[in-house]
Structure formats: structure tokens, C-alpha cells
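Trainee: I have a structure I would like to understand better, so I am pasting it below and will then ask my questions one at a time.
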Amino acid sequence: MCKLICYSLHINTRKVIMPHARVSTALLAALLAASATASAATPAQPNITAQQAQINKILGEISQKRIESHIRKLVSFGTRHTMSETESETRGIGAARRWIKAELERCGAGTPLQVAFDSHMAPVSARISRPTEIVNVVATLPGTQAASKDRMYVVSGHYDSRASDVMDATSDAPGANDDASGTAAIMELACVMAKYKFDATLVFMAVAAEEQGLIGARHWATQAREKGWNVAGMFTNDIIGSSRGDDGKVDDKSVRLFAQSIPATKEMSEAVRQLVATGGENDSISRQLARHTKEQGERYVKGFKVSVIQRHDRYLRGGDHMPFLEQGYAALRFTEPAENFDHQHQDLRTENGKVFGDTIDHVDFRYVANVTKVNGAAMASLALAPSAPQEVKLRTAGLTNDSTLVWKANAEPDLAGYRLVWRDTTSANWENSKWVGNVTEATVDLSKDNVFFGVQAVDKDGNVSPATYPLPLR
């Protein structure tokens, strides 16, 4: 309609200025009014490509020097094995967790950052030889917008370490890369981001007992589900410290981001069943979160690539995002491009001239800082943006070659509107978009059979939510 009005107005305006024009002033005024009304019906889209000043400030404050200092301090505890010393102030997992908590409290002083232990007793199991206290260190930065503060984004690293024997609680296990690197990253993010305000809540966790079976993360994720917490996204940073692979090649300009498709469960939920029925296996909530993270990470950390790996983790392996996946949350894993297994889960030793062990001399601190910045860009953009649209549906009642999508209105007071995104069925990332304004239904002249759709919410500052994939509406 707008195109028709604008085209008619253009022709009639030309007639006004041409000799012998016979268009009345009243008609011209009516056409101008109609054009203005049509334009007002769909307000202009905020600038979604501009970088947010707050996010740039946050990334500019992330310190490679502090990250290095934190990794060195964690290594200094000798071992951080889950069943290691807890009374000493200088050695073992007890000293490590008390230092992490104290450091987060120190850097968060005068800010809203809330730091606490999350503790429970783990019974004897395959990798726990005696009942053991498992303690996560959790720093929470509450959201400031009433409509968004219950929405949470979680970022973690695990602070425990291990030697070759997963039950060896006494030998030195410095765990510089696995996973002092991830723990240092989340500590730096917490300390920097605590000074800023976000609509949604951010949770920074140093989790325990990852090496004993993801115990600390599973405890927190289970609590979150039982208490009905709205965890809208979760990242774990595990082994993000080295840019040099076991073949000696250096790749310091990329990070792997593992993203699950549909969950590998015995029984499908109805939502997953409909996802599969419409070919949306690549449009799970974790894949949507990964697309958002890749886009924002590469936008703000120039020259750095986020390589989305379409698996939940490395082949038949796992990390602390998996308990969140089990609870139905969107969760991703950051890991360096090529692991060196001589420096992972190894006793400190030298054999035939080859050095084994996860020591600090194999950590690239600049690389860790860049991965930390990618995390920061993604977390900040998510916590500033509206929530992903809910109850997104694609009308299927009639046979048509266009597509109509409907969704539930967002509650955020600073919402500007929505945009549709779509891509070819063979493409991994969104390729096209259309701004539709602050509405809850939109029709596009594209066949639902030929593309994949999503709907994103946009606020007045241009912050964009992850996309939501539409399920069929009959």
C-alpha cells in the first residue's frame, strides 16, 4: 500500500509542476496525508548495526594483565582437585574457592554485585570416593528493568583441576588452561561488568567438580529448573587458554562455540517434535543463541572468528553447559580451536624429551583476553536487549504462497518493534531481514516451504534479541 501511495504521489506531484496540470490542491493534500499515515504505521527501525557505546567501554576495560594474574594465582594453589585440601590457605581447592570469592567481593565493592557460595554435599559416586562438599562461587549482577530482571544469562568456568588419575587428589595439578583460563575469564567479566547497568540479570559462576562429572554445574542447573528461574542463555568457558595446537600451528584469531541441535532424549517434547516435523533441527534455542553470539562477538572483536560447531560438545565429551541443556536451557561451550592433549589431564613429567602437564607456560594470555571479550560482547548485548519473542507461530490454515507469522507482544517498556529474519534452508546464518514495526502479526511475500523464518525483538537503542523459530499454527 505504501509503495502504491508513494508511487501515485510521485506521479501526481510531477503533474503539478508540469504545464497544464489539473490535479487539485485538495487531492495533493490528501495524497500527502495518506503517505504520512502509511509511514507512521510502521515507525523507522532503530539502527541495529551501530555498536553500543556501553559494550565498547566494557570490552575496552577487559585487562589481559589481570587475567594473567588470576591464572597465575589459581595455578599457585598446586592442585584444585575436588577432593584436595580444604583447610590450608595456600594449597588445595578450599584455598582456591575462598580466594575467588574474596577477589570477586573486592572488585565488586560499591556495586550491586552479590557474591556467595553455592554449596552441597556430593555422595560417593564413580569419581567421588567419600562424601565431599562441592562449592560453586556465584556472583550475581541483578537486572535493573522490571520487565527483564527475572531473565538470566549465566557464564561459567570450572576452577577444579586434575592429574592423569582423576581420583588423584594430592599430586600437583596446576590446571592453567583447564580451567584456570575459563575461571579467570568469568572473574574479569564480573569485575568489569559490575560497574554497569543491564536490563536482565547476569550470573558469573566459578563451578566445582567438573572433572568429577559436572557436579557443581548440575547442582545449580537443577536448582534453577526446580525454582522456575528464567535462564535465557548459558555459556561455559572451558579450555580457552592456548592458541597453539599439538601440531605446533598457532590460531589466535578464532574460538570454537559448540551448539546443540535437538536434545538427545528418549522421548521428544511436543515442541521438539514440531521442530523436527518442520525441518527446524538447526533452529533449536541453543543454535539461535549461537547465531546471536557469533554475530555480536565478531561485530565487537574485530578480526576474531567465532566458529559455531554444530555439536553439543567435542566428540563424545562434555562440559558444564550440558546440565543446563539437560534442564531445557539454551547453553553453549567456548573452547580453543585445537587442543593439545599433552597439556591436558596429565601428570607433570618429561618423557623422551616431551613435556607433559597443564602448566602456565602454555597459556596465551592475549588469546584468553580476546575470548573473554567475545563473551562480554554476547552477554552485554543479550542483557541489554529485549527477550526473544514468545509463542511465535506460522499460520498454516490455508494454502498460500506467502507467509504470515504471529507472536505474543513483549513486555519491555523500551521495545521499538520486531523484525523478521529468514535464510535459505541450506544456510547456517540469517541472510535477510524485514522490519515490521511494533506489531504482533506480519505477512511477507515468501513461501514458508522454501525458507526458514525467525522473529527478533528490537529496543529503541537498537539492541536485538536472538531469533525465535516459528512453530505451525493450524
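The values are calculated or read from the model by the stated rules, or taken from the named source; none is laboratory data. This is a predicted model, so every value here is computed, not measured. Please note: Cβ atoms are built from the backbone with ideal geometry, for glycine as well, and neighbour counts cover all protein chains shown. Keep in mind that these areas ignore ligands, DNA and RNA; they rest on the heavy atoms of the full protein, side chains included. Shrake-Rupley method; radii C 1.70, N 1.55, O 1.52, S 1.80 Å.
Trainee: From the list ARG474, ARG419, which residue is out of contact with any helix residue (DSSP H, G or I) (no Cβ under 8 Å at 6 or more places or on another chain), at pLDDT below 95 and among the basic types (Lys, Arg)?
Mentor: Among ARG474, ARG419, only ARG474 is out of contact with any helix residue (DSSP H, G or I) (no Cβ under 8 Å at 6 or more places or on another chain), at pLDDT below 95 and among the basic types (Lys, Arg).
Trainee: Might you check whether a residue that is touching a residue at least 60 places away in the same chain (Cβ under 8 Å) and of a type in the set (Lys, Arg) occurs anywhere in the stretch 103-116?
Mentor: So far as the stretch 103-116 goes, no, none of its residues is touching a residue at least 60 places away in the same chain (Cβ under 8 Å) and of a type in the set (Lys, Arg).
Trainee: Also: Within the stretch 455-474, is there a residue that is small (Gly, Ala, Ser), surrounded by fewer than 22 Cβ atoms within 10 Å (Cβ to Cβ) and under 23 Å from ALA50 (Cα atoms)?
Mentor: Within the stretch 455-474, one or more residues are small (Gly, Ala, Ser), surrounded by fewer than 22 Cβ atoms within 10 Å (Cβ to Cβ) and under 23 Å from ALA50 (Cα atoms).
Trainee: If you don't mind, there's one more thing I want to ask. Condition first: more than 20 Å from ASP118 (Cα to Cα) and open to solvent by 20 Å² or more (accessible area, probe 1.4 Å). Can you find one or more residues in the stretch 216-231 that meet it?
Mentor: No - not one qualifying residue is present in the stretch 216-231.
Trainee: Provide a single number: the residues in the stretch 155-181 that are of a type in the set (S, T, N, Q) and open to solvent by 50 Å² or more (accessible area, probe 1.4 Å).
Mentor: Total meeting the criteria: 1.
Trainee: Hey, another quick one. With the condition kept exactly as written, say whether any residue in the stretch 129-137 is open to solvent by less than 60 Å² (accessible area, probe 1.4 Å) and either small (Gly, Ala, Ser) or in a loop (DSSP other than H, G, I, E, B) (or both).
Mentor: Looking through the stretch 129-137, none of the residues is open to solvent by less than 60 Å² (accessible area, probe 1.4 Å) and either small (Gly, Ala, Ser) or in a loop (DSSP other than H, G, I, E, B) (or both).
Trainee: Take the residues in the stretch 298-317 that are modelled with pLDDT under 95 and in contact with a Gly (Cβ under 9 Å, 6 or more places away or on another chain); name whichever of them is least open to solvent (accessible area, probe 1.4 Å).
Mentor: ASP313
Trainee: Would you please list the contacts, defined by Cβ atoms under 6 Å and residues six or more apart or on different chains, that run from a residue in the stretch 401-422 that is in contact (Cβ under 8 Å) with a residue 12 or more places away in the chain and among the hydroxyl-bearing types (Ser, Thr, Tyr) to a residue that is buried (at least 18 other Cβ atoms within 10 Å of the Cβ) and assigned to a strand (DSSP E or B)?
Mentor: THR404/ARG395; TYR418/VAL436; TYR418/VAL455; TYR418/ALA457
Trainee: Okay, moving on. Among all residue pairs at least 6 apart or on different chains, which show Cβ distances below 6 Å where the first residue, located in the stretch 44-69, is within 30 Å of VAL436 (Cα to Cα) and open to solvent by less than 70 Å² (accessible area, probe 1.4 Å) and the second is at pLDDT 95 or above and charged (D, E, K, R)?
Mentor: Partner pairs satisfying both residue conditions: PRO46/LYS460.
Trainee: Please verify whether the stretch 216-236 includes one or more residues that are of a type in the set (Val, Ile, Thr) and under 28 Å from TYR300 (Cα atoms).
Mentor: yes
Trainee: Among the strands (runs of 3 or more DSSP E) confined wholly to the stretch 380-448, which include 1 or more residues that are within 16 Å of LEU471 (Cα to Cα) and open to solvent by less than 50 Å² (accessible area, probe 1.4 Å)?
Mentor: The qualifying strands (runs of 3 or more DSSP E) are 390-395, 403-408, 415-424, 441-444.
Trainee: Right, next: Does any residue in the stretch 185-202 that is over 26 Å from LYS73 (Cα atoms) come within less than 6 Å, Cβ to Cβ, of a residue that is hydroxyl-bearing (Ser, Thr, Tyr) and open to solvent by less than 10 Å² (accessible area, probe 1.4 Å) six or more places away or on a different chain, and which pairs are these?
Mentor: ASP199/SER148; ALA200/SER148
Trainee: Follow-up. Considering only residues that are of a type in the set (Val, Ile, Thr) and farther than 30 Å from ALA50 by Cβ, which ones fall in the stretch 302-335?
Mentor: Listed by number, the list holds a single entry, THR335.
Trainee: Check the stretch 106-114 and report whether any residue there is open to solvent by 30 Å² or more (accessible area, probe 1.4 Å), at pLDDT 95 or above and aliphatic (A, V, I, L, M).
Mentor: Looking through the stretch 106-114, at least one residue is open to solvent by 30 Å² or more (accessible area, probe 1.4 Å), at pLDDT 95 or above and aliphatic (A, V, I, L, M).
Trainee: In the set MET152, MET83, which member is more than 21 Å from the chain's Cα centre (by Cα) and either in the same structural domain as GLU298 (by the TED database) or open to solvent by 40 Å² or more (accessible area, probe 1.4 Å) (or both)?
Mentor: MET83
Trainee: Here is a further query. Please return the ranges of helices (runs of 4 or more DSSP H) entirely within the stretch 235-342 where 2 or more residues are among the aliphatic types (A, V, I, L, M) and within 21 Å of MET205 (Cα to Cα).
Mentor: 285-300, 322-326
Trainee: Which one of ALA190, ALA184, ALA271 is of a type in the set (Gly, Ala, Ser), in the same structural domain as ASN375 (by the TED database) and open to solvent by 40 Å² or more (accessible area, probe 1.4 Å)?
Mentor: ALA271
Trainee: If you scan the stretch 107-140, which residues turn out to be closer than 17 Å to TRP220 by Cβ and in contact with a Pro (Cβ under 6 Å, 6 or more places away or on another chain)?
Mentor: Answer for the stretch 107-140, where residues must be closer than 17 Å to TRP220 by Cβ and in contact with a Pro (Cβ under 6 Å, 6 or more places away or on another chain): just MET121.
Trainee: With respect to ARG287, is the statement that it is surrounded by fewer than 22 Cβ atoms within 10 Å (Cβ to Cβ) and not acidic (Asp, Glu) true?
Mentor: Criteria not met by ARG287.
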